[in-house]
Amino acid sequence: MDEDINENEEFDNIMVLKDEEGNEVKFEFLDLVELNDEEYVILLPMTIEGDEEEGEVLILQVEDKDTADDEEESYISVEDDAILNQVFEIFKERFKNDFDFVD
């Protein structure tokens, strides 16, 4: 029974999002960064087991929902390179001891 609990804990940080074509894509949630009264999620695409290639993180802005009925969050792409760089720098500072960042 303890194995089931540990397996579930391992998947607590997995998010499934749909791409533009409606396909489900799994991501590992790494961090939530606040910047200028906005929130941004840092996600790492899940790789297929045995895939040696290191992935790049994905940074998406958390879109505010005005309706109390909607419990799902939605995310939008960030087009502003300056904001992307600021968010990524905050993330790198927080996790400098946990990840090897490539410049």
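The values are calculated or read from the model by the stated rules, or taken from the named source; none is laboratory data. Since this is a predicted model, take the numbers as computed values, not measurements. For neighbour counting, all protein chains shown are included, and Cβ atoms are generated from backbone atoms with ideal geometry for every residue, glycine included.
Within region 73-98, residues that are closer than 26 Å to GLU20 by Cα have Cβ atoms under 7 Å from residues that are assigned to a helix (DSSP H, G or I) and of a type outside the set (Phe, Trp, Tyr) in these pairs: VAL78/LEU84, counting only partners at least 6 apart in sequence or on another chain.
Say whether the condition of being part of a strand (DSSP E or B), touching a helix residue (DSSP H, G or I) at 6+ places or on another chain (Cβ under 7 Å) and either modelled with pLDDT of 70 or more or surrounded by 10 or more Cβ atoms within 10 Å (Cβ to Cβ) (or both) is met by at least one residue in region 8-28. Reasoning before the result, please.
Of region 8-28, the ones part of a strand (DSSP E or B) are 14-18, 24-28.
Now drop any that are not touching a helix residue (DSSP H, G or I) at 6+ places or on another chain (Cβ under 7 Å), which leaves none.
No, region 8-28 has no match at all.
Here is the figure for region 66-88: residues that are modelled with pLDDT of 95 or more, of a type outside the set (S, T, N, Q) and assigned to a helix (DSSP H, G or I) total 5.
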